[in-house]
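> Structure provided below as structure tokens; questions to follow.
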Amino acid sequence: MLIIILTALVICSASLTILAEYFGPRRAVYLCKPLTITLLILIALQTKQPVSVFYQRIILVGLLFSLAGDVFLMLPRDRFIQGLLCFLCAHLCYIVAFAYDGGRATPLWSALPFLLYGIVMLRLLWPRLKKMKVPVVVYTLAISLMAWLALTRWLASADDGRQLAFLGALLFVASDSFLAVNRFKGRTRFAQFSILSTYFTAQWLIALST
């Protein structure tokens, strides 16, 4: 019941964030965006029988880094680098969590889709990256590795929690892809909806995977 209540609050807070991005007021974004991740932290915290204590704790650390990244990215002044570093740390936490609880080894061919994704994204963004080339390459490698480890973990044992984590990882890749294209290729009308809806859903699924 508590998860249902918190999830309902997450949906309300996330929806208000998206609406405020389009229609204002801006202070609603400042309130609701960090509130959404805070509620997801509470979902991960209240798990009575976690997959493992270590997995739960490292996911919580990743959510805290995400909260910090959200704060940097929504500030009036451009704090993209700081936000990128925070989300890189979040992905590193998820990488550690998925690798620690990964199970048996899986064939390397399963990494091919994520390798192709990284190549395509970098090829698409490369002409516009300028001084951001190295940070974006590192970030792309990290998120691709995170998604691949989530897949290998699920393939090792297809239980519900691992499936949730894998779906969350895929949506996180989608969200970051929308964000990158919007920032480096040009803004689109539906960018914030695409970025935030996939981002909040991804973090919700990962929080539930504990």
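> Going by amide H atoms built from the backbone, whose H comes under 5 Å of the H on T210, apart from near neighbours?
HN-HN under 5 Å from T210: empty list.
> At a threshold of 8 angstrom on Cα-Cα distance, excluding pairs fewer than six apart, so keeping six or more, what relative contact order does the stretch 1-152 reach in percent?
19
> Work out the count of Lys pairs in the chain where the Cα-Cα distance is under 25 Å, with the pair 8 or more places apart or on different chains.
Eligible lysine pairs with Cα atoms under 25 Å apart amount to 4.
> Then there is this: Using a 1.4 Å probe, what is the accessible area per residue for the chain, in Å²?
On a per-residue basis, the chain sits at 52 Å².
> Here's another thing I want to ask about it. How large is ³J(HN,Hα), in whole Hz, for each residue of the stretch 176-182 in order, when computed from phi with the Karplus curve 6.51 cos²θ - 1.76 cosθ + 1.60 and θ = phi - 60°, using x for Gly and Pro?
Residue by residue, the stretch 176-182 yields 5, 5, 4, 5, 5, 5, 5 Hz.
> So, one more: I'd like the carbon and sulfur percentage of the solvent accessible area for the stretch 37-131, probe radius 1.4 Å, heavy atoms only, ligands and nucleic acids excluded.
71
> Ranked highest first by average number of other Cβ atoms within 10 Å, how do 68-80, 8-20, 192-204 line up?
Highest to lowest by the protection proxy: 192-204, 8-20, 68-80.
> When a/c is below 1.5 the answer is rounded, else prolate if a/b is larger than b/c, else oblate, so apply that to the stretch 1-86 with a ≥ b ≥ c taken from the square roots of the Cα gyration tensor eigenvalues.
Note, shape of the stretch 1-86 comes out oblate.
> Another question about this same structure. Would you work out the charge dipole size for the chain about its Cα centre, treating the Cβ of every Lys and Arg as +1 and the Cβ of every Asp and Glu as -1, and quote it to the nearest 20 debye?
Rounded to the nearest 20 debye, it is 780 debye.
> Scan (i) 16.7, 50; (ii) 20.9, 73; (iii) 18.5, 63 for the value of Rg and Dmax of the Cα atoms in Å calculated from this model and give just the label.
Matching entry in (i) 16.7, 50; (ii) 20.9, 73; (iii) 18.5, 63: (i).
The values are calculated or read from the model by the stated rules, or taken from the named source; none is laboratory data. Please read these numbers as outputs of a predicted model, since none were measured by experiment. All Cβ positions, glycine included, derive from the backbone under ideal geometry; neighbour counts span all protein chains shown. Remember, those area values only see protein heavy atoms, side chains included, never the ligands or the DNA or RNA. Shrake-Rupley method; radii C 1.70, N 1.55, O 1.52, S 1.80 Å.
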